[in-house]
1. Using a 1.4 Å probe on the protein chains only, how many percent of the accessible area of the chain belongs to carbon and sulfur?
2. From the backbone phi of the stretch 70-86, what are the Karplus-calculated ³J(HN,Hα) couplings (6.51 cos²θ - 1.76 cosθ + 1.60, θ = phi - 60°) in whole Hz, Gly and Pro given as x?
3. Over the chain, average the accessible area per residue using a 1.4 Å probe and give it in Å², no decimals.
4. Please build a GNM for the chain, connecting alpha carbons under 10 Å apart, and tell me which residue among 21, 103, 68 fluctuates the most.
5. How large is the accessible surface of residue 88 in square angstrom, using a 1.4 angstrom probe and rounding to the nearest 10?
6. Would you mind giving the average projected area, over all directions, of the Cα convex hull of the chain in nm² with one decimal?
7. For the Cα atoms of the chain, what angle does the longest principal axis make with the long axis of helix 104-126, in degrees from 0 to 90, nearest 10?
8. Do the sum for the chain: with -39,500 (n - 2.57) for every DSSP H run of n ≥ 4, divided by all residues, what is the mean residue ellipticity at 222 nm, to the nearest 500 deg cm²/dmol?
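The values are calculated or read from the model by the stated rules, or taken from the named source; none is laboratory data. These figures come from a predicted structure and were not determined experimentally. Here the Cβ positions follow ideal geometry from the backbone for every residue, glycine too, while neighbour counts run over all protein chains shown. The accessibility values were calculated without ligands, DNA or RNA, using every heavy atom of the protein model including side chains. Shrake-Rupley method; radii C 1.70, N 1.55, O 1.52, S 1.80 Å.
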Amino acid sequence: MKERIKELRKILGLTQQKFADRLGLKRQTIAAYEIGNIEPSESTLLLICKEFSVNKEWLLTGKGETFDIPEDEVAAVVSDLLEEDNPFYDLIVGIMKTYKKLDDKSKDALKNLSKELLDNLGKREDD
């Protein structure tokens with residue numbers, strides 16, 4: 001977990017002091033988390049997740065997306081993408097129409113390809 005706390009702080013572009021300030025902790029405490037001298041308490045983990053919209057599963061295990069995207073934010077983005085004057089509208093509708101025409105085997109193949117592409121993009125970001 002120590003690596004993920006440090007990674008999160010760097011993703012956010014925060015110094016240990018600024019990260020600590022946002023959480024109401026001391027800089028030395030953040031440093032101790034990052035080098036693994038101490039583990040954050042459950043309440044601190046929840047605070048980190050809440051303050052920075054972090055996925056708790058990612059913070060604990062490294063699995064999943066780093067950040068939680070609130071459902072209302074997802075809904076707002078989807079709504080924006082589906083506005084007819086948005087350039088992505090025709091692309092999204094085209095993808096939906098094409099997907100609907102596929103047989104089950106082709107849909108499964110497309111899902112597997114998409115998953116592999118996303119996995120590879122994630123690995124590339126880790127480099």
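1. Working: 5130 of 9570 Å².
Carbon plus sulfur share of accessible area: 54 percent.
2. Running phi through 6.51 cos²θ - 1.76 cosθ + 1.60 with θ = phi - 60° gives x, 4, 5, 6, 4, 4, 5, 5, 4, 4, 5, 5, 8, 6, 4, 7, 7 Hz.
3. Working: 9570 Å² over 127 residues.
Solvent-accessible surface per residue comes out at 75 Å².
4. Maximum fluctuation in the GNM of the chain, among the listed residues, is at 103.
5. Near enough 110 Å² of accessible area.
6. Values: hull surface 41.5 nm².
That works out to 10.4 nm².
7. Approximately 30 degrees, to the nearest 10.
8. Values: 8 runs with 93 residues, N = 127.
Here the helix-only value at 222 nm equals -22500 deg cm²/dmol.
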